[in-house]
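Data block below; observations after.
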Amino acid sequence: MMRSPIRPFFAGVLALSAAFAAQAQTPAATTAEGSAERGKQLTYTCQGCHGVTGYKNAYPSYHVPKIAGQSREYLTNALTEYRKGARKHPTMQAQSQSFSEQEIADIAAYLSSLKK
């Protein structure tokens, strides 16, 4: 039986996310508003899917939205809901579970500061 490449991919995404989250433990100021500077470091892996025009996942087939310029509230709510399991997408759930509340605030601060 052929082994699915999906499971190793998700394991790799999760490991990479954890590595970037650990590396991003810089002394940048942290607030409830979030640090756009720190958020920029944390969103490096997001560009792999959300930064590619017209990209769709191979399986399952989901539209991948552009997140640059989204509102801070929307981004915070979306990542929090993925982390809690209220929104279903294996990659996004794995990514969001590696982030603290402060890191989600930092990511939202950075992405909301970008132009659409």
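The values are calculated or read from the model by the stated rules, or taken from the named source; none is laboratory data. All values reported here derive from a predicted model rather than from experimental measurement. All Cβ positions, even for glycine, are placed from backbone atoms using ideal geometry, and neighbour counts span all protein chains on display.
Filtered by the rule that a residue be part of a helix (DSSP H, G or I) and touching a Phe, Trp or Tyr at 6+ places or on another chain (Cβ under 8 Å), the stretch 60-96 gives Leu79, Arg83, Pro90, Thr91, Met92, Gln93, Ala94, Gln95, Ser96. The residue list Ser100, Ser61 contains one member that is over 10 Å from the mean Cα position of the chain (by Cα) and under 13 Å from Gly39 (Cβ atoms), which is Ser100. Taking the stretch 29-50 as the range and being modelled with pLDDT under 85 and surrounded by 15 or more Cβ atoms within 10 Å (Cβ to Cβ) as the test, only Thr30 passes.
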